Amino acid sequence: MLSIPIALHIPASELAALPPASSSAPRESDDPTPVQELISTTLASRLYTYVCLPLTTPKWKDRWSRMCLQPPLGAGPSTADGADGHAPGRDPAVEKEAEEWRLHPKFEREEVTVTRLEETYSLIGMVSAWLELDSPESGIRYDSELALRQELAYSTYLDVRTVVLPPPRNRANVADYARAINAILNDTSFGSYMQLAVRIPVSEVEHRGGSPSGLGPGRTLAESPGIKSPQIVVSPNAGEEGGLDSAWEMWDVIRTVCGYNSRLSIVLDLSPPFPLRLGAMDRWSAEPIRHIFLPATSFIPNAKGYPVLAKANQIFLKEVMQFLPIFILSKTQANLHNAGGSKGYAEYVRFLEKTSTTLQAMRTEGTLESFASTYMDRVQAPLQPLMDNLQSSTYAIFERDPVKYERYEEAIFQALSARVEQETSVICVAGAGRGPLIARAYKAVQRIEGANVTIYAIEKNPNALVTLQERNALEWENAVTLFFGDMRSVELPEKVDILISELLGSFGDNELSPECLDGAQRFLKDDGISIPSFYTAHVAPLSSSKLYNEVLHQTIGDETKNAETPYVVMFQATNVLSGDGGGVRGVCGTTVQECWSFEHPRRDLFVDARGLPFSNTHNTRSAHLTFHIPHSGVLHGLAGYFEAHLYGDVSLSIHPETKALKSNNMLSWFPFYFPLKDPLYLPANAELDVHLWRMTSRQKVWYEWYAESFLPVPTPSFPSALEFITPQNTGAPNTPRHGSTPIRPPRPSPMLDASPTAEGHPPFLEIGGRGELSRVKIGQTKLHNPGGRSSWIGL
Ligand SMILES: C[S@@+](CC[C@H](N)C(=O)[O-])C[C@H]1O[C@@H](n2cnc3c(N)ncnc32)[C@H](O)[C@@H]1O
């Protein structure tokens, strides 16, 4: 059982207190260095699996600052007045030194904390936190990037596997930061294994102008936030979610510019103060958090003085523990709490681990979480049981479900009980597989005294039929009459009272249950019952960089094909972006919304002489749904779910809001996932219109999907119709000619910005909704899978 790894962060001040390797008593070259000894003692305590150290010492910061933070051109009194070709105010000797460094960047021995391969085992290296890759000053950005590359080249030399990058701080220049990181990720001289973890502080943000580190005209790093709670600079007129959104937005820019590179992850810095807004932390669970930075200052004392975390943080951390992030504990030696000592923080993390219900469920045999733990966020092609013949091992996985078959037995029991007046009942299991529903039908029969039942079973998989024959002989005394073939063409000797099937997919209809049952309903008597009788498909907008990456980086298929294929996925690092409450205009639906439904049997079908439907057009469907997006986020796809009514009060559900009530712990279906080829950014309070179609031809069924985003805006006051100018009087605006029909200005493009155009057209607005609010379109996706070109299900 894997436990949560914990790293101890050793700050520069503690490292500085160690005796320098070169100054201690004569040493053998293979004697452990002080740093090595510190790492060994830390790991020997068994509280920690890793040690997190700054890669450089203050000496490097001093040299870099001296070389790279010289006064800008023209500042201050000249030491050299420029006559010698040097910029006034700059020391030519330092300038030369800086230029030499730029040409050949390298460290001196005392500027780095680690020097040996042996020291880097179990090491997480922290890049100099004072580097400003997003400084407003291009010179500082350039020299910071050079210094970063120098640190990473040195880390590559020493085989450091994970480095923590300095936090981005300046929203306006974060694209510069992102470009620099992307260049490194694509530079093979840094190897292809090193993980780059961007430190992102979640703390509420201060709004202030100027340079984030205070690198004013003097360009010093004196106010540099360094390793202490980095703060983000956002413009004072940032959106209503302000700094919180900025932290996430900066991350969004970085990972987007870096093409969702899988070597890029987040160190979520939980330094105080914490975001107070409800749901503020949810979005992080859809991001690649590999580390949590947790300083002792984030802890509060409990009644006995031991360090504990506030409730909201506990809840968040217990939830993200399912991703097994490395906790980096910092300032544990600072004696900030009266009890617990320096170990108290690691012990508290272990306590959270033990009380994390999500993590414990993953570790408990028989739960959905433990069953699914190896499938988390892995996209899989949905089964096609109609087109393909399933393997025995696939059936065996279905049959491990403790809930599905119990629910079916209960539904069959209730249906048979409703027929107690009848002398006999005829049951048909259509698509019997290896026979678990037949076995449950027998169990239901046994629960009803004196029940007299005939059972037929149909299966088109010739291999599964062998298992059915064997079970029939060994378990059911050959009482089941087996039919080999497709239920749409097989003939039964008589009509049946109950038609039982389980042809459902994660989206309800995606394994072609509607089409198969339309073909089988001719077996049913006029008052016959279908189990299931009804099912519905549901969707919700989903954010998950992990899934986006999974779809993008599949080894087979081209990008378009992969992005136009729905998958089944056990969601883990995902976040549903929608919220309840109708949104700003009060017109949006709920968090998860129903697309469509199917009912069986369908008595209104137009059928041929054999009872088969003439065409399949009655099984096409379309949905147009509007979602409210309360917090900004990136849409990567749509989550799909189903609910099925079996009979009486028995249902199955994988809908997140009803599954616990209807079929808790059911394992058979992971949710459905419709990916998007390109992510769609959604600002806070956006409305998302999702269009989904179920299409059909003679040979196949497929889905197409598309989404548009809008932002609610106040309705502008349009001029009244009579005030519109006609072609005849364009020279004299606002004076329509009597008798001529006023001509409306051409309808502007839906993609126009909200501000009036150069021609003075008002922006395109959809009028309606509550009060004076309309909406302006801000984005759209491609139409995915037109004509079923990339994915379809064969009929
Ligand atoms: C999802 S499996 C369920 C199997 C079994 N009833 C269970 O619950 O474990 C669906 C089964 O229906 C069979 N099937 C699908 N379409 C069929 C059709 N049109 N006619 C006959 N069998 C079909 C498949 O071969 C497969 O065995």
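The values are calculated or read from the model by the stated rules, or taken from the named source; none is laboratory data. Only a predicted model underlies this, so the values are computations on that prediction, with no experimental measurement involved. Ideal geometry is used to build each Cβ from the backbone, glycine not excepted, and the neighbour counts take in all protein chains shown.
The single condition from (1) surrounded by fewer than 17 Cβ atoms within 10 Å (Cβ to Cβ); (2) within 10 Å of the ligand (Cβ to nearest atom) that residue 429 fails is (1). Taking the stretch 681-701 as the range and being surrounded by fewer than 21 Cβ atoms within 10 Å (Cβ to Cβ) and part of a strand (DSSP E or B) as the test, the residues that pass are 681, 689, 691, 693, 695, 700.
Quick one: in the stretch 501-526, which of the residues that are more than 8 Å from the ligand (Cβ to nearest atom) and among the aliphatic types (A, V, I, L, M) is nearest to residue 644 (Cα to Cα)? Restricting to residues being more than 8 Å from the ligand (Cβ to nearest atom) and among the aliphatic types (A, V, I, L, M), the top hit is 517.
Of the residues 438, 412, which single one is near the ligand (Cβ under 10 Å from one of its atoms), at pLDDT 95 or above and not hydroxyl-bearing (Ser, Thr, Tyr)? Unique residue meeting the criteria: 438.
Of all residue pairs spaced 6 or more apart or on separate chains, those with beta-carbon atoms under 7 Å, a first member in the stretch 448-476 that is within 12 Å of residue 432 (Cβ to Cβ) and a second member that is surrounded by fewer than 18 Cβ atoms within 10 Å (Cβ to Cβ) and of a type in the set (Asp, Glu) are 460/486. Scan the stretch 478-498 and tell me whether some residue there is more than 12 Å from the ligand (Cβ to nearest atom), at pLDDT 95 or above and at positive phi. Yes, some residue in the stretch 478-498 is more than 12 Å from the ligand (Cβ to nearest atom), at pLDDT 95 or above and at positive phi.
Quick one: residue 481 ticks every box in (1) under 46 Å from the mean Cα position of the chain (by Cα); (2) assigned to a strand (DSSP E or B) except a single one, so which number is it? Going through (1) under 46 Å from the mean Cα position of the chain (by Cα); (2) assigned to a strand (DSSP E or B) one by one, residue 481 breaks only (1). Specify which of the listed residues (372, 346, 361) is free of Cβ contacts under 8 Å to residues at least 12 places away in the same chain, aliphatic (A, V, I, L, M) and within 30 Å of residue 316 (Cα to Cα). Going through 372, 346, 361 in turn, the sole match is 361. Residue under question is residue 447, and the condition is that it be among the basic types (Lys, Arg) and more than 9 Å from the ligand (Cβ to nearest atom); does it hold? When the stated conditions are applied, residue 447 passes them. Considering 359, 324, 317, the condition of being within 22 Å of the chain's Cα centre (by Cα), assigned by TED's automatic domain parsing to the domain that holds residue 266 and on the phi > 0 side of the Ramachandran plot is satisfied by 324 alone. Within the stretch 443-470, the set of residues being out of contact with any strand residue (DSSP E or B) (no Cβ under 8 Å at 6 or more places or on another chain) and either surrounded by 18 or more Cβ atoms within 10 Å (Cβ to Cβ) or at positive phi (or both) comprises 444, 450, 461, 464.
Filtering the stretch 581-596 to residues that are without any contact (Cβ under 8 Å) to a residue 60 or more places away in the chain, assigned to a loop (DSSP other than H, G, I, E, B) and under 20 Å from residue 536 (Cα atoms) leaves 589, 590. From the list 659, 677, the lone residue that is basic (Lys, Arg) and in contact (Cβ under 8 Å) with a residue 24 or more places away in the chain is 677.
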